[in-house]
Amino acid sequence: IIRISNDFDTTVASFTPDGLAFGSDVAAANSLDDYEEGTFTPNFDAGGGVTFSYNHQYGFYTKIGNTVTFQLYIMGHASSISGGNEGNGVVIQGLPYTIQNHSRYYPAFTIGRTYNVQINDNKRLYSYGDSNTTDIRLIQEENDTTGSVLTAVQLDRSPCLMQVGGVYRV
């Protein structure tokens with residue numbers, strides 16, 4: 001239900017060619033002109049020589065204007081790694097929209113849970129969005145070092161689980 005006016009005949013919302021405007025400011029920049037909800041299918045990628053098998057791949061998102069909020073649940077493992085490719089870096093691909101292209105824009109994402117991912121007890125796993133892609137980078141860090149990418153061999157136990165959520169601009 002959208003209320004167009006209240007008892008005092010003051011405009012609360014109005015429809016414009018640019019979308020739904022709130023209050024008295026009907027400028028296009030202040031209009032709700034883009035809203036979408038949906039699902040997507042995330043997948044692990046480690047480049048050539050690595051194949052992943054999946055138990056579950058679920059992604060959910062809401063896009064409002066130029067901002068996307070998402071949550072994903074992915075369970076799978078590196079089921080085949082050909083010689084020499086166990087050190088390939090892993091990303092999660094398939095975000096529903098391309099992350100904003102800016103030289104210093106790498107939105108931080110939250111890893112809510114992992115299971116069976118092979119990282120040492122003294123390391124932490126974090127993630128961020130890679131500018132101008134639909135990829136989530138997975139980085140392991142120890143003692144505030146710059147960190148290193150999560151590798152295919154660290155996801156070769158069945159099943160590996162990751163839950164990731166975040167917000168980014170398009």
- What do you reckon, is Arg124 touching a strand residue (DSSP E or B) at 6+ places or on another chain (Cβ under 8 Å), open to solvent by 70 Å² or more (accessible area, probe 1.4 Å) and among the basic types (Lys, Arg)? yes
In the stretch 126-170, anything touching a Lys or Arg at 6+ places or on another chain (Cβ under 8 Å) and of a type in the set (A, V, I, L, M, F, W, C) is listed as Val149, Leu161, Met162, Val170
Exercise for review: Please tell me if Gly147 is surrounded by 15 or more Cβ atoms within 10 Å (Cβ to Cβ) and within 18 Å of Gln93 (Cα to Cα).
Suggested key: no
Scanning the stretch 114-137 for residues that are of a type in the set (Ser, Thr, Tyr) and in a loop (DSSP other than H, G, I, E, B) gives Ser131, Thr133, Thr134
Condition set polar (S, T, N, Q) and modelled with pLDDT of 95 or more, scope the stretch 86-113, selection surrounded by the most Cβ atoms within 10 Å (Cβ to Cβ): answer is Asn88
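The values are calculated or read from the model by the stated rules, or taken from the named source; none is laboratory data. Here the structure is a predicted model, which means the values were calculated and not measured. Glycine also receives a Cβ, built like all others from the backbone with ideal geometry; neighbour counts cover every protein chain displayed. When the accessible area is computed, the model is the full protein with side chains, heavy atoms only, and any ligands, DNA or RNA have been set aside. Shrake-Rupley method; radii C 1.70, N 1.55, O 1.52, S 1.80 Å.
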